[in-house]
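Report on the following structure.
Every number here is computed from the coordinates shown, using simple stated rules; none is lab data. Remember, predicted model here, so these are calculated numbers, not experimental data. Cβ placement follows ideal geometry from the backbone for every residue including glycine, while neighbour counts extend to all protein chains displayed.
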Amino acid sequence: MNYKASRGTRDIFGANALGMSLLEQKSKEIFRKHGFEEVRTPIFEDASLFMRSIGQVTDIVEKEMYIFEDKGGRKLALRPEGTASLARAFVEHRMGVSNPAGKFFYVGEMFRYERPQAGRYRQFHQIGAEFYDSSSPAADAEIIILAQDLLACIGISEIKVHINSLGCQKCRPLFKEALIKYFASVGDLCQDCIRRLDKNPLRVLDCKADSCKFTDAPQMTDYLCDDCSGKFDMVRSLLKSAGCNCVVDGKLVRGLDYYTRTVFEIRSDAVGSQDALAAGGRYDNLVKEIGGQSTPAVGFALGSQRALLAAQNTDFFNNLSSPEKIFVAIADQELFNDAFAFAIKVTRNGLKDNRPLA
Ligand SMILES: [Zn+2]
Ligand SMILES: [Zn+2]
């Protein structure tokens, strides 16, 4: 029998392994410079952690989680994302006490049962950061700029930052009401949308089958309370003063229930404009929701495979396909020593795998 890697998974070797290693090393360097501390959480967790935090009526929980029962009868899930696991660890270990700066990052594999496509796998790698205990718009801006810096370190600068505010518990209900009324007037929605309409009308907005019908849907930004609206303006003006051009995208809702106020996606035409290279937002209620003290927070995650796919036409990565140029590329980027040692090893053994990245 000939064995092959399971559908939606892949072996990473040659230039791809080198690219991923460099991205992760450079990211860790940037995180540490910004005062973020690494946390490694387990690959699997109690399944209910994700159901509770991400939300029952979401694609991830309804269709995409790898759930299994272990020999002790526990219902476990392979982690589909990093934010819920990190929040669980933050509460369990009272990390707010040991690390009052509240800045953490993670690098690791995530798992979602999705239809495999370019740069999208069922086992995929994410690099993410979470900034706890700050409700300041400056924290939102720092997180977005950080995500942008990570992409820039592998040569990706042609990006668009889409940003929206989902409001708070005070103003979002009014928006939900307006949405439900609006969707009733559109009619002809798919089964998923009809089922979600009452419980989670925001999710209807980014239904892949129906979203093209919603051109004149109500926008959350028109329903924001004074507090949310003031904070949203502040986030945008901070980004602008940092030289980051963002576009307000009223349809951006993200596929997870825990978000409040700021949500964002960083997109690149290099991998199709609909797919984000990095994304995140603010989640002020999640920590309390899973049993901790009320702690506002904001974070992002970057998909390593998608980022490397977008990077494959940049000068930086074209250099990696030629062993002699690796030294130049690495010297230019001042990468970490172990990435350097790794590259020397790859170069000595000859870089045989010159296929396109990702
Ligand atoms: Zn509000
Ligand atoms: Zn639909």
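In percent, how large is the relative contact order of the chain, given Cα pairs closer than 8 Å and 6 or more residues apart?
Once divided by the residue count of the chain, the mean separation gives 23 percent.
Run the Debye formula on the Cα coordinates of the chain, all scatterers equal and no solvent, and tell me log10 I(q)/I(0) at q = 0.08 1/Å. Once normalised to I(0) and log-transformed, intensities are -0.41. Dividing the helix sum by the residues of the chain, where each DSSP H run of 4 or more adds -39500 (n - 2.57), gives a mean residue ellipticity at 222 nm of -12000 deg cm²/dmol. So if we plug the beta-carbon distance of residue 229 and residue 157 into 1/(1 + (r/R0)^6) with R0 = 35 Å, what FRET efficiency do we get, rounded to 0.05? Efficiency computed from Cβ-Cβ geometry: 0.70. Take the Cβ atoms of residue 269 and residue 195, set R0 to 22 Å, and the FRET efficiency comes out at 0.05. Packing, as the average of other Cβ atoms within 10 Å across residues, places the peptides 110-118, 135-143 in the order 135-143, 110-118, highest first.
Taking a ≥ b ≥ c as the square roots of the eigenvalues of the Cα gyration tensor, region 1-44 is classed as oblate, since a/c reaches at least 1.5 and a/b does not exceed b/c. Where in region 215-243 is the amide nitrogen less than 17 Å from a point lying 7 Å along the Cα-to-Cβ axis of residue 294? Hits in region 215-243 for residue 294 at 17 Å: 227-228. Applying the Karplus relation 6.51 cos²θ - 1.76 cosθ + 1.60 with θ = phi - 60° to region 277-289 yields 3J(HN,Hα) values of 7, 8, 7, x, x, 9, 9, 6, 9, 4, 4, 5, 4 Hz, where x marks Gly and Pro. Straight-line cross-link reach from residue 199 at under 15 Å between alpha-carbon atoms covers these aspartates and glutamates, not counting any fewer than eight positions away in the same chain: 59, 62, 177, 257. Taken as Cα centroids, region 203-261 and region 97-133 sit 22 Å apart, rounded to the nearest whole angstrom.
Put simply, the amide H of residue 257, placed in the peptide plane, has neighbours under 5 Å in 55, leaving out anything fewer than 5 places away on its chain. For the chain, complete DSSP H runs whose alpha carbons reach 15 Å or more along their own long axis and whose mean Kyte-Doolittle score is -0.5 or higher are 14-33, 137-152, 172-186, 226-241, 323-333, 337-348. In the chain, the DSSP beta bridges split such that about 90 percent are antiparallel, to the nearest 5. Label point of residue 56 set 7 angstrom out along Cα-Cβ; within region 149-190, no amide nitrogen lies under 17 Å from it. Each label was represented as a point 7 Å from its Cα along the Cα-to-Cβ direction; for residue 69 and residue 115 these points are 3.2 nm apart.
Highest GNM mean-square fluctuation among 209, 152, 270, for the chain modelled with Cα contacts below 10 Å: 209. Cβ distances below 4.7 Å define possible disulfide partners, and in the chain the cysteines left without one are 153, 168, 190, 193, 207, 212, 228, 244, 246.
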